[in-house]
Structure formats: structure tokens, C-alpha cells
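The values are calculated or read from the model by the stated rules, or taken from the named source; none is laboratory data. All values derive from a computational prediction rather than experimental measurement. Reconstructed Cβ throughout: ideal geometry from the backbone, glycine too, with neighbour counts over all protein chains shown.
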Amino acid sequence: MKTRSASAPLNVTVVVGSNRHGRFGPVVADWLLDRARSRGDLAVQVVDVAETDLPTTFARSDEAAGVLKSVSPKLAEADAFIVLTPEYNHSYPAGLKNLVDWHYAEWQAKPVALVSYGGVSGGLRAVEHLRQVFAELHAVTLRDTVSFHNAGASFDDEGRLLEPSAPDAAAKTMLDQLVWWGLALREARERRPYGS
């Protein structure tokens, strides 16, 4: 494995987890990406569940190979992840679960930051379910999250937050933690590959 300088930006893949028609996710994703891309310590790329067409079968098929070829490298190259999820029926969307389940080693020994949105709960029930899934995949979820309660009423028609101070502060805390964990785990993986 190639060793990178500790000062090299952290490769972060942002996973946009909703594929529902009329979804609100792109509004939250744009806000999040503005914050992440403004930092010199992060190099950001995006995987949008709505732009993938992964089959729902568990056997890797020829049909899945082409789609995985366009998605899997973005996950494998990542030092860290930010997963953006809505809450559907007290959990996270099936499309996001499908993306997660088609991969295994790509998540291992890497930090995962969680950003959620929804109604009264702000997507926090989806976050708690994702923590269990990522623990099983040997990933480390960050304690601090960003959550938007009644998300549709939090942004104006141009996609700007009406009250940005608390979400901006939460995003800074989360991204600072992501950098710490991402650099620490990147160095650990370079010194001793995970699972060896």
C-alpha cells in the first residue's frame, strides 16, 4: 500500500443516500458539499444512490459488474465517508442499504460521518440503524452528526439555510472529527493493513 504524507488531504466520499422521486437530499447535499469542499484538508467526491442502478440480488452478476465498476473505486479510494440519509419509516432507504451491502472491504477501518434529515426526528432513527450496519462492516461511525429536523422548512427556495449558525457549527465539529479519525486510520492502515 502506498504511504501518503500526513499533510495530504483526506480522500472523502460523500454518499447521497436517497433515490426517491422529488427527494430533498440534493438540497442538503449541496449545503454539505459547500462546507466540505471549502476545506483544504479534504478532497471530496460523490456517490449518489440515485445515479446507480445496482441490482437487489446478492450474487455478483455480470449485470452488477459494470455498475460496481463505476461505484466501487470511489468507495475503495476513500479514507473516510460522509453518508447523507433521509429517514423513511423510522430507518434509512433501501437504495442506501443496497449500496452498502454490495461492498465490504471498502468500508473497513475507515470513519463514517452521518448527516440526516427528516421530519420531527431529523433522521436520527436512520442514523442509529446505520451505526449498527457500519459496526458490522468494521467501520467507525463518528459520535457527532448533523441533523435537520423538518428539513424542508429549514432551507429557502434557493437552498440556503434560514438559520445557518447551529448547522454550520455542527458541520465544523463533525468534519474536524472526520479529519482526525480519517488521518489516524489512514496511517494505521498504511502501517499494518487491516485484518492482517
Residue check, P73 out of contact with any Gly (no Cβ under 9 Å at 6 or more places or on another chain) and under 30 Å from R4 (Cβ atoms)
yes
Go through segment 1-47 and report how many residues are closer than 16 Å to A184 by Cα and of a type in the set (S, T, Y).
3
Does segment 1-54 hold any residues that are among the aliphatic types (A, V, I, L, M) and surrounded by fewer than 13 Cβ atoms within 10 Å (Cβ to Cβ), and which are they?
M1, A6
What number goes with the only condition from (1) modelled with pLDDT of 95 or more; (2) more than 13 Å from V49 (Cβ to Cβ); (3) not in a helix (DSSP H, G or I) that S121 does not pass?
(1)
Tally of residues being surrounded by fewer than 14 Cβ atoms within 10 Å (Cβ to Cβ), of a type in the set (A, V, I, L, M) and touching a Gly at 6+ places or on another chain (Cβ under 8 Å) across segment 137-196
0
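Condition check ((1) touching a Pro at 6+ places or on another chain (Cβ under 8 Å); (2) surrounded by fewer than 20 Cβ atoms within 10 Å (Cβ to Cβ); (3) farther than 24 Å from L175 by Cα) across all residues:
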| residue | (1), (2), (3) |
| --- | --- |
| T56 | no, yes, yes |
| A64 | yes, yes, yes |
| K74 | no, yes, no |
| N98 | no, yes, yes |
| A105 | no, yes, no |
| K110 | no, no, no |
| S121 | no, yes, no |
Sole exception among (1) touching a helix residue (DSSP H, G or I) at 6+ places or on another chain (Cβ under 9 Å); (2) touching a residue at least 60 places away in the same chain (Cβ under 8 Å); (3) under 21 Å from A6 (Cβ atoms) for L185, by number
(1)
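Of these, A153, A126, which one is part of a helix (DSSP H, G or I), small (G, A, S) and touching an Asp or Glu at 6+ places or on another chain (Cβ under 8 Å)?
Working: A153 fails: touching an Asp or Glu at 6+ places or on another chain (Cβ under 8 Å).
Exactly one residue qualifies, and that residue is A126.
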For segment 36-64, which positions are of a type in the set (D, E), at pLDDT 90 or above and in a helix (DSSP H, G or I)?
E51
For the condition touching a residue at least 60 places away in the same chain (Cβ under 8 Å), in contact with a Leu (Cβ under 7 Å, 6 or more places away or on another chain) and among the acidic types (D, E), what is the one hit in D30, D41?
D41
Do we find that L33 is farther than 20 Å from A139 by Cβ, within 13 Å of the chain's Cα centre (by Cα) and either in a strand (DSSP E or B) or modelled with pLDDT of 95 or more (or both) in this structure?
yes
